[in-house]
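Here, each number is a calculation from the coordinates, and none is a lab measurement. Just so it is clear, the structure is predicted and the values come from calculations on it, not from any experiment. Cβ placement follows ideal geometry from the backbone for every residue including glycine, while neighbour counts extend to all protein chains displayed.
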Amino acid sequence: MADTLKDIKSIALQMEMDGIKFYSDLANKTLHPMGRAMFKSFVEDEKLHAKRIRLLLSSPPEIEKKDGKNPQERLSTIFREMGEELKKKVNVNTNDIEAVRLALKIEEDGIRFYEKAVNDTADVKEREMYRFLAGEEKVHLGILKNTLGYLENTELWDAEDTGRIYDMWMNVVNKMI
């Protein structure tokens, strides 16, 4: 049983390390500034997740208090700082849309993994950690769904006052979560 729990933690750590590489690659390849900023933000989230899992792997396991901003706060700050760049018309690249679709699948798989880990783990602190990680992945999923809607229907978004794109986007994200 102890080996199985260590395996869950090791798999979780590897998933987060893979996520760092995956989202870093997408951030470097994505042309749209909103997508690029979103993926860079996810990299920071994955780094924090990996740090927390490493603490679980240490003996005795300790849960670190949540530090830094949550994904929504980080994106809000990034988009506020990007200001005018987000208002520029950027042609959406098909590869950007495919990157978001791929990321959606990754996040859905992560949610399933962490929800299963909650059920397979008896330790209260570990269960709390896996619930937290599943919740973070759900936030990413909501952000990705909204981003996909934006990228696939840019004309609809452009029909609105372009000065409010950021506010509209964040309002929709917040409603989904």
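From the cross-link list Lys21/Lys47; Lys9/Lys116; Lys116/Lys145; Lys40/Lys125; Lys9/Lys105; Lys9/Lys47, which pairs have alpha carbons spaced over 18 Å apart? Flagged as over cut-off: Lys116/Lys145; Lys40/Lys125; Lys9/Lys105. Taking θ as phi - 60° and the Karplus parameters 6.51, -1.76 and 1.60, the scalar couplings of region 141-151 work out to 4, x, 4, 5, 4, 5, 4, 4, x, 5, 5 Hz in sequence order, x denoting glycine and proline.
As a footprinting exposure proxy, order Ser58, Ser41 by other Cβ within 10 Å, with the fewest listed first.
Ser58, Ser41
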